[in-house]
1. Counting only residues that are under 25 Å from Ala161 (Cβ atoms), more than 8 Å from ligand 1 (Cβ to nearest atom) and among the small types (Gly, Ala, Ser), which one in the stretch 16-71 is surrounded by the fewest Cβ atoms within 10 Å (Cβ to Cβ)?
2. Looking at Glu81, Glu116, Glu71, Glu54, which is the one that is assigned to a helix (DSSP H, G or I) and within 16 Å of ligand 2 (Cβ to nearest atom)?
3. Name the residues in the stretch 95-104 that are more than 12 Å from ligand 1 (Cβ to nearest atom) and within 20 Å of Gly66 (Cβ to Cβ), would you?
4. Taking into account only those residues within the stretch 57-68 that are in a helix (DSSP H, G or I) and not small (Gly, Ala, Ser), which is farthest from ligand 2 (Cβ to nearest atom)?
5. From the set of residues in the stretch 89-114 that are among the charged types (D, E, K, R) and crowded, with 23+ Cβ neighbours inside 10 Å, which is farthest from Gly145 (Cα to Cα)?
6. Quick check on my filter: what residues within the stretch 146-165 are touching a residue at least 40 places away in the same chain (Cβ under 8 Å), in contact with a strand residue (DSSP E or B) (Cβ under 7 Å, 6 or more places away or on another chain) and surrounded by fewer than 24 Cβ atoms within 10 Å (Cβ to Cβ)?
7. Suppose we keep only residues that are part of a helix (DSSP H, G or I) and over 30 Å from Pro188 (Cα atoms) within the stretch 13-51. Which one would you say is farthest from ligand 2 (Cβ to nearest atom)?
8. Would it be correct to say that Glu182 is out of contact with any strand residue (DSSP E or B) (no Cβ under 6 Å at 6 or more places or on another chain) and farther than 26 Å from Gly63 by Cβ?
Amino acid sequence: MTVAERQAALEGIAAEVRVCTRCRLHETRTKAVPGEGNPDTEVLFVGEGPGMNEDREGRPFVGRAGGFLVELLASIGWRREDVFITNVVKCRPPGNRDPEPDEIAACAPYLQRQLEALDPAVVATLGRFSMASFMPGVRITQAHGTTRLADPATGARDATALALYHPAYALRNPDVARESFEDIARLPGVLTEARDRRASRAASAAAAHDASRSATMTPMPDPEAPTTPDPVTAPPTMDAGSLEPAVPDDQLTLF
Ligand code: URA
Ligand code: SF4
């Protein structure tokens, strides 16, 4: 997907979220909060659900918790504009109660589609509810600061999940705040590792693709036939009847 296609996909999802009535949270919301950020990012942050300020503005993490998230990002030299930020549920649970399992399930397709559009290398989860979507069955006191491969069923094709405490929890607990700085300090290294894994996976997929193409597309050897172009560089639409190089062989050395 090109960046423009990603952006269009994300805007399409956001437009659906803003008018969504799939769960009861639509009845009490002021504005739904689809999420926002850089459509070309490699890192997606996933929080729990909008709070009062987010519900008012229709934007994620704009209250005090958002201020702390921005501080965490600044501690590794990042800005919120560099990443994409969204939540497990896109509408505020009344009174900031926990989201219910049926609300999380109703909203999950939006997060899944955001993951498919962004194809992030890293998903940083903020808090227990977000972590549960990417690292089922672990406890945040043990799992914070650790990574897992995200299950592709989430929509993340090939992403490392990094568990972080929820910034609102860190604001209430100085020890958790200190640990949050330690945990986010791992993020640049986690991103580098995830990039390397994705690059080697892409390279081996390309090699397998080329191997299967040359197995199926190389014509039977014919001593009379003109030299065929290398299948690696041949345009994918070329068929056996048009295997004539565009440039005569004797001129190829000019390039
Ligand atoms: N807490 C969240 O989980 N998400 C927000 O967007 C704001 C606060
Ligand atoms: Fe729709 Fe999600 Fe809002 Fe529920 S929380 S109404 S599923 S956007």
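Every read-out reported here was derived from the displayed coordinates using simple, explicitly stated rules and does not represent laboratory data. On a predicted model such as this, the values are computed, not experimentally measured, just so you know. Heads up, the Cβs are rebuilt from the backbone with ideal geometry, glycines too, and the neighbour counts pull from every protein chain shown.
1. Top of the filtered list is Gly67.
2. Glu54
3. Those that are more than 12 Å from ligand 1 (Cβ to nearest atom) and within 20 Å of Gly66 (Cβ to Cβ): Gly95, Arg97.
4. Ranking the qualifying residues of the stretch 57-68, first place goes to Phe68.
5. Arg92
6. Thr147
7. Here the residue is Ala15.
8. No, not satisfied.
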